[in-house]
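Asks: Quick one: structure below, then a few questions.
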Amino acid sequence: MSEHPVSALETISSQPLSAYDPSLLLEMFRRMTLVREFELRAIEERRNGLIPGFIHPCVGQEATAVGACLALKQDDVITSTHRGHGHLIGKGGDPRYMMAELAGRSTGYCLGRGGSLHIADFDLGMLGANGIVAGGIPIAVGAGLAFHLRGEKRVALAFFGDGAVNQGAFHEAANMAGLWKLPVIFMCENNLYGEGTPQHKQAPIADLARRAEGYGFPGVIVDGNDVLEVYEAVRMAAERARAGLGPTFIEGKTYRQRGHYEGDPMVYRTQEEMEYWKARDPVVLFRRRLLEAGVFDAQTLDKVHQDVLHQLDEAVAFAKSAPIPGPEEALLGVYGDTHNGLVF
Amino acid sequence: MREITFAEAIREALREEMHRDASVFIMGEDVGVFGGVFGVTAGLYEEFGPDRVRDTPISESAIVGGGLGAAMMGMRPVVEIMFGDFLMCAGDQIVNQAAKARYMSGGKAKVPLTIRVTTGAPGSAAAQHSQSPESWFMNVPGLKIAVPATPADAKGLLKTAIRGEDPVLFFEHKMLYAVRGPVPEDPDFTIPFGAANLARAGRDLTIIAIGGMLAKALEAADALSQEGIEAEVIDPRTLVPLDKDALIRSAAKTGRVVIAHEAHKRAGPGAEIAALLAEEAVEYLDGPIMRVAAKNVPIPYSPVLEEEVLPGVDDILAAARFLMGGAKA
């Protein structure tokens, strides 16, 4: 069975709940619930035929997505992955435009041209999900370079998985960001599987944050199923970046509760393992913690949940009634300058 | 008009655009202190400093991807890939990321990114430093491809690339860097993409010459003129977009077409141009469309072997004479 081994690296702990503004805690809970329910609803609507393409749900990874995004400022930017719905919602994405994009509609975030794998909202600083596991990391470094060149105190955070650290683009980007001390956060969601192969069969080390040392910046490990630990680590990394001290690699140890893609037969892991991790479900854990500490009562959290479900009903209705693109739209928007159509 | 070299023309374009727009910056391997392995960026580091003329690690993915991310954030990066052969190291960032970002995001991503890269065989540089990879990227929607053949075109096209809104692969033939020619001094001199240059007018046949082959085509045309054959020479200047009207017009005028490029013959730029003419201009043609190109083997090291593989003036002459009724070489 795959479990994350105990680490010897620097780890980060969250502060007691009383140290946080309750409105922040409630927003964390709301966004995590929205991510979870968005994924479950998208899976359902794919089965129902509303969503034509494949999707890679992030069920079980809500804490890394939401904890990281809420620790950033509005004008900070992120690059995302194939498992990116949580990242967009974490950054404030609107489920209506998300669902419409997944349904391939003209009013989706990307006019139906990108789908789940390429969803983006530059207004929210979400520079795109990505079909290539390390593909977004150099882009985040470039965004950090732009902030550096203009003297802006902004931060670029690259989300990626444990699989991506074995792709060359990660190495080049991490080296460059470390060399130039760019305001970049390398946010690794180690969910123990790269597609259908366990992490321990893909790299000779289990603590991927150790790689940071080779690039000259700190590597930090957090419990990726603890939203507050993720939040603290990213908050500290962002402070470091804004102070001109360069990148931080944060490894959030987490688990992908569903398949690599929806419909994945998952022959590569056991029922026992999945049960083990379900007992460490980040949304359930955070809800329990909020209740036990008496920050919110069950009624308040139930209301949040109900509102989220209602919001998703609206999102699905929006997507269903959204216009289907006309075939002529396929030829639009490849270039900014088309030279009187010559490029086609 | 004053004459400067192809390399100086590129440097002048870079300098002027960096003065004109603070969002323009340069990065690449050895572009700073070294001044570029071909000397193109010499002096710019001293003038603009290490931030805007940025030496990078040998990391082509991060150079292109870094340029892409900076472009998305409103900069106008000019990144340099030292040899066209090395573009493959940045393949994902060029093909899957930069080329498609605007389209996939429904127009949210804007990618004003210029990728300067050298192309062609400089002589005994062998198979990994001599390729002409232009056509590999013609098959990728979202990219634009410039192939300047003169100093003036190099300056004018580079300024258009930098001021434009899209990712551009800007191919500079290594053997052109020292070539001199008249170049306008007007800082707003630009050359539009998709506008072919009629380098020589003629009535008997058309030679479509790309990049480093333009000078060879003009030399061939002079020789043909001695034989009473007047060749028209056209340089497309950009392969994407392609000024197909100009090519069709010339084909219609002469009825005979030779396409000359240094890229390998199989699926090189000439394959696309020939197919286009076959589709849209076949009724004007009096003979087959001939391609003069590198033979389909890796570019060899030893001079005799290399000369056998690369296309030259003689190959253009042979194709032209065949079209004019001579024997096939």
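The values are calculated or read from the model by the stated rules, or taken from the named source; none is laboratory data. Keep in mind that this is a model prediction, so the values were computed, not measured. Neighbour counts run over all protein chains shown; Cβ positions are idealised from the backbone, glycine included. Calculation scope for accessible area: heavy atoms of the full protein, side chains included, ligands and nucleic acids excluded. Shrake-Rupley method; radii C 1.70, N 1.55, O 1.52, S 1.80 Å.
Asks: Would you mind checking which residues have amide H under 5 Å from B:His173's amide H? H placed 1.01 Å from N; only 5 or more apart, or other chain.
Replies: Correct list: B:Thr119.
Asks: Lys and Arg at +1, Asp and Glu at -1: add these up for the other residues within a Cβ distance under 13 Å of A:Val234 and post the number.
Replies: Charge balance near A:Val234 sits at -2.
Asks: Taking the Cβ of B:Arg200 as the centre, find all other residues whose Cβ is under 14 Å away and add up their charges (Lys, Arg: +1; Asp, Glu: -1).
Replies: -3
Asks: Sequence-distant or interchain residues sharing an amide H contact under 5 Å with B:Val240, placed H: which?
Replies: Correct list: B:Ile145.
Asks: How high is the FRET efficiency from B:Glu46 to B:Ala126, r the C-beta distance, R0 30 Å, rounded to 0.05?
Replies: Given R0 = 30 Å and the Cβ-Cβ separation, E is 0.35.
Asks: While we're here: Comparing the chain by itself with all protein chains present, which residues of region B:47-66 are at least 50 Å² less accessible (probe 1.4 Å)?
Replies: Relative to the lone chain, where solvent access is computed with a 1.4 Å probe, region B:47-66 loses at least 50 Å² at B:Arg54, B:Pro57, B:Ala62.
Asks: Want the number for B:Phe189 to B:Val282: 0.36 nm per residue separation, take away the alpha-carbon distance, what's left?
Replies: Full extension from B:Phe189 to B:Val282 adds 29.8 nm.
Asks: Return the long-range amide H neighbours of B:Phe25 (sequence gap of 5 or more, or a different chain), with a cut-off of under 5 Å between placed amide H atoms.
Replies: B:Arg76, B:Val78
Asks: Could you work out how far apart the two model spin labels at A:Tyr20 and A:Asp264 are, taking each label as a point 7 Å from the Cα in the direction of the beta carbon, and quote it in nm?
Replies: In this crude spin-label approximation the distance works out to 2.7 nm.
Asks: For chain B, give me the percentage of DSSP beta bridges that are antiparallel, rounded to the nearest 5 percent.
Replies: 20 percent
Asks: Please report Rg (one decimal) and Dmax (integer) in Å for the Cα set of region B:197-323.
Replies: 13.7, 43
Asks: If the convex hull of the alpha-carbon atoms of the protein assembly as shown is projected onto planes in all directions, what is the mean projected area in square nanometres?
Replies: 31.8 nm²
Asks: With contacts defined as alpha carbon pairs under 8 Å and 6 or more residues apart, what's the relative contact order of region B:3-182 in percent?
Replies: 27 percent
Asks: Moving on. In degrees between 0 and 90, to the nearest 10, how far off the longest principal axis of chain B does helix B:151-163 point, with axes built from Cα atoms?
Replies: With both axes taken from Cα atoms, the answer is about 50 degrees.
Asks: Hey, another quick one. Within the protein assembly as shown, what percent of beta bridges assigned by DSSP are antiparallel, to the nearest 5?
Replies: 15 percent
Asks: Within region B:117-210, report the GluC sites (Glu not before Pro) that DSSP leaves as loop and that have at most 13 other Cβ atoms within 10 Å.
Replies: B:Glu185
Asks: Using only Cα atoms, tell me the angle between helix B:213-226 and the longest principal axis of chain B; keep it within 0 to 90° and round to the nearest 10.
Replies: That works out to roughly 20 degrees.
Asks: Using only Cα positions of region B:3-182, each an equal point scatterer, no hydration layer, compute I(q)/I(0) via Debye at q = 0.11, 0.14, 0.15, 0.18 Å⁻¹ and quote the log10 values to two decimals.
Replies: Ignoring solvent entirely, the Cα scatterers give -0.41, -0.68, -0.79, -1.17.
Asks: Still on this structure: Would you mind getting the accessible area per residue of the protein assembly as shown, heavy atoms of the protein chains only, 1.4 Å probe, in Å²?
Replies: I get 37 Å² per residue for this part.
Asks: Ranked highest first by average number of other Cβ atoms within 10 Å, how do B:221-231, B:153-163, A:49-59 line up?
Replies: Peptide ranking by packing, descending: B:153-163, A:49-59, B:221-231.
Asks: Once you wrap a convex hull around the alpha carbon atoms of chain A, what is its projected area averaged over all directions, in nm²?
Replies: Result: a mean projected hull area of 18.3 nm².
Asks: Under the rule of -39500 (n - 2.57) per DSSP H run of 4 or more residues, summed and divided by the residues of chain A, what mean residue ellipticity at 222 nm is obtained, to the nearest 500 deg cm²/dmol?
Replies: Calculated mean residue ellipticity at 222 nm is -12500 deg cm²/dmol.
Asks: Of all beta bridges DSSP finds with both residues in region B:3-182, what is the antiparallel percent, to the nearest 5?
Replies: 10 percent
Asks: A follow-up question, please. On each of the three principal axes of the Cα atoms of region A:76-163, give max minus min coordinate, whole Å, ordered largest first.
Replies: Dimensions of region A:76-163 along the principal axes of its Cα atoms: 39, 28, 20 Å.
Asks: Could you compute how much accessible area chains A and B hide from each other, both sides summed, with a 1.4 Å probe? Nearest 100 Å² is fine.
Replies: 3500 Å²
Asks: I've got another one for you. Let me check I've understood the local charge: for A:Tyr109, count other residues with C-beta under 13 angstrom from its C-beta, Lys and Arg +1, Asp and Glu -1. What total comes out?
Replies: The answer is +1.
Asks: What are the residues of region A:133-166 that lose 40 Å² or more of accessible area, with a 1.4 Å probe, going from their chain alone to all protein chains?
Replies: Listed by number, the residues meeting the 40 Å² cut-off are A:Pro138, A:Ile139, A:Leu145, A:Leu149, A:Arg150.
Asks: Next question, about the same structure. Contour minus end-to-end for A:Arg210 and A:Ala330, with contour as 0.36 nm per residue of separation and end-to-end as the Cα-Cα distance?
Replies: The span from A:Arg210 to A:Ala330 would gain 38.7 nm if fully extended.
Asks: Further question on the same structure: List, in order, the whole-Hz ³J(HN,Hα) value for each residue of region A:33-44 obtained from phi through the Karplus relation with A = 6.51, B = -1.76, C = 1.60 and θ = phi - 60°; use x for Gly and Pro.
Replies: Result, rounded to whole Hz: 5, 5, 4, 4, 6, 4, 4, 5, 6, 5, 4, 5.
Asks: Under a crude label model (7 Å from the Cα following the beta-carbon direction), how far is B:Lys295 from A:Gln271 in nanometres?
Replies: My value for the distance between the label points is 6.7 nm.
Asks: Ignoring ligands, DNA and RNA, please state the percent of accessible area on the protein assembly as shown from carbon and sulfur, probe 1.4 Å.
Replies: Carbon and sulfur: 52 percent of the exposed surface of the protein assembly as shown.
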